[in-house]
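The values are calculated or read from the model by the stated rules, or taken from the named source; none is laboratory data. As the structure is a prediction and not an experimental result, all values here were calculated from the model. Here the Cβ is made from the backbone with ideal geometry for all residues, glycine too, and neighbour counts use every protein chain on show. Only protein heavy atoms, including side chains, enter the accessible area calculation; ligands, DNA and RNA are left aside. Shrake-Rupley method; radii C 1.70, N 1.55, O 1.52, S 1.80 Å.
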Amino acid sequence: MKLNNQHQKLKENYLFSNIAKKVNEFNKYNSHVKLIKLGIGDVTRPLVPSVIKAMQEAVLHMGDASTFKGYGLEQGYLFLREAIKNYYLIKGAKICEDEIFISDGAKSDIGNILDLFDKNNIVLIPDPVYPAYLDTNIMAGQNVIFLKAAESNEFLPMPDKNIKADIIYLCSPNNPTGAVYTKDQLKIWVDYAIKNAAVILFDSAYEAFIDDKNLPTSIMQIEGAKKCAIEFCSFSKTAGFTGVRCGYTVVPKELKREGQSLNKMWLRRQSTKFNGVSYIVQKGAEAVFSQKGQKQIKENIDYYKQNAKIICDCLNQLDIYHCGGINAPYVWLKCGMDSWEFFDFLLNNAAIIGTPGAGFGEMGEGYFRLSAFSTRDSTIEAMNRLLKILK
Ligand code: PLP
């Protein structure tokens, strides 16, 4: 019996467990102090009425023999895949139902997609970025190199002609920096991927936060992307599904490597290892795309974006460098010290929990992420506390 020793290469302390440990310690001695959580990117707004209604109706279907559903298609119900196809059409991207795969969230698919690739690829991962990309690649034993994001490239790194990567992760809007690639920039990435026969793994989990009509919300809006990109999306931040669990992955049929269709491989993989998302959840997800659903989720997204504005206004007053928060739910600020030190400083002096930039990669050192997913009252109170200790 031999273990997968790649696990020993994972960093001991996962970002959020380390934060939880520090917060527990703080609570032990300060149980009377109200902590404000602007750390973990979980949402606070409840599911919208259209989603609740659709899920309630779906529950009733399950209790009636004539409408009961057992196992569904591993790929997801057609009604949801059609709704997603139409959503992409509005964006100006044409994809077919059989290029869409419904899952229990983007995180699972982001990790599982590595089943399609050999272990000897060069994997390019942005730094800083959502930590799951790196950890899943370490577990899978891939060769990782980093794509450095910094103030100098506005946290939007571009390809280096001298580096030949096989698999490229892009996250736009980025977690944690909130940076969003333009169409021209994504076109350069698409051209690079096609030239190198690479595959882009594009994470658009925060696409619904993009208001600027000139910015792309999907890589599928870029010419040539269907030949080189897979897109992961999620209902978590778009519609408050963090606890419901639903996402989708777009694997274009045109995407072929070594004569193989990645769409076919993914279908085979999913039908072997996955049995689909519950009917009730998929009915709720379908309602997100209804006219009413879209209007209702937009109200929640606008609520979070108003929180982001409150955070940015406060940082402006304090003259602290920051980015993000405009087309994204995260504000990325320069803390001017070790990011874990700043975490301790905020926790101990203002009882605010944020996320140290170092937890998203080496390039995140010296920066800090504040999330706009809190409640309005907590966001305002947190910024008042920040002004008090930093002004
Ligand atoms: N991708 C990014 C960039 C994220 O920040 C997150 C969650 O925070 C996810 C994916 C995971 O999404 P899901 O809840 O659908 O698994």
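Couple of notes before you dig in:
- Contacts under 6 angstrom Cβ, first residue in region 202-225 being under 15 Å from A179 (Cβ atoms), partner away from the ligand (no atom under 16 Å from the Cβ) and open to solvent by 10 Å² or more (accessible area, probe 1.4 Å), 6 or more apart: P216/K183; T217/K91
- Residue match in region 97-108 (condition: in a loop (DSSP other than H, G, I, E, B) and open to solvent by 40 Å² or more (accessible area, probe 1.4 Å)): yes
- Residue in region 52-75 that is closer than 20 Å to K237 by Cβ and within 16 Å of the ligand (Cβ to nearest atom) present: no
- Output for region 101-148, where each listed residue is within 15 Å of the ligand (Cβ to nearest atom), more than 24 Å from E365 (Cβ to Cβ) and acidic (D, E): D104, D109
- Being open to solvent by 50 Å² or more (accessible area, probe 1.4 Å), in contact with a helix residue (DSSP H, G or I) (Cβ under 6 Å, 6 or more places away or on another chain) and more than 22 Å from E25 (Cβ to Cβ) is a description that does not apply to E381.
- From the list I320, I230, the lone residue that is within 14 Å of the ligand (Cβ to nearest atom) and in contact (Cβ under 8 Å) with a residue 12 or more places away in the chain is I230.
- Scope region 48-93; condition at positive phi and loosely packed, with under 14 Cβ neighbours inside 10 Å; matching residues: G92
- Pairs, first of a type in the set (D, E) and modelled with pLDDT of 90 or more in region 22-43, second open to solvent by less than 90 Å² (accessible area, probe 1.4 Å) and in a loop (DSSP other than H, G, I, E, B), C-beta under 7 Å, six or more apart: D42/T242; D42/F373
- Helices (runs of 4 or more DSSP H) within region 182-297 that include 3 or more residues open to solvent by less than 20 Å² (accessible area, probe 1.4 Å) and closer than 25 Å to E74 by Cβ: 236-239, 262-273, 279-288
- For region 1-39, a residue qualifies if it is touching a Ser or Thr at 6+ places or on another chain (Cβ under 7 Å) and open to solvent by 100 Å² or more (accessible area, probe 1.4 Å), and exactly one does: K37.
- Search result, residues across region 352-391 that are over 14 Å from L315 (Cα atoms) and of a type in the set (S, T, Y): T355, S374, T375, S378
- Hits in region 75-127 - residues which are under 25 Å from K183 (Cβ atoms) and among the basic types (K, R): K85, K91, K94
- Lone unmet requirement of (1) more than 25 Å from K388 (Cβ to Cβ); (2) of a type in the set (G, A, S); (3) open to solvent by less than 30 Å² (accessible area, probe 1.4 Å) for A308: (1)
- Scanning region 345-371 for residues being of a type in the set (D, E, K, R), touching a helix residue (DSSP H, G or I) at 6+ places or on another chain (Cβ under 7 Å) and either over 15 Å from K37 (Cβ atoms) or open to solvent by 20 Å² or more (accessible area, probe 1.4 Å) (or both) gives a total of 1.
- Conditions (1) under 30 Å from A239 (Cα atoms); (2) β-branched (V, I, T); (3) not in a loop (DSSP other than H, G, I, E, B): number failed by T177: (3)
- Of the criteria (1) within 16 Å of the ligand (Cβ to nearest atom); (2) in contact with a Pro (Cβ under 7 Å, 6 or more places away or on another chain), which one I301 fails: (2)
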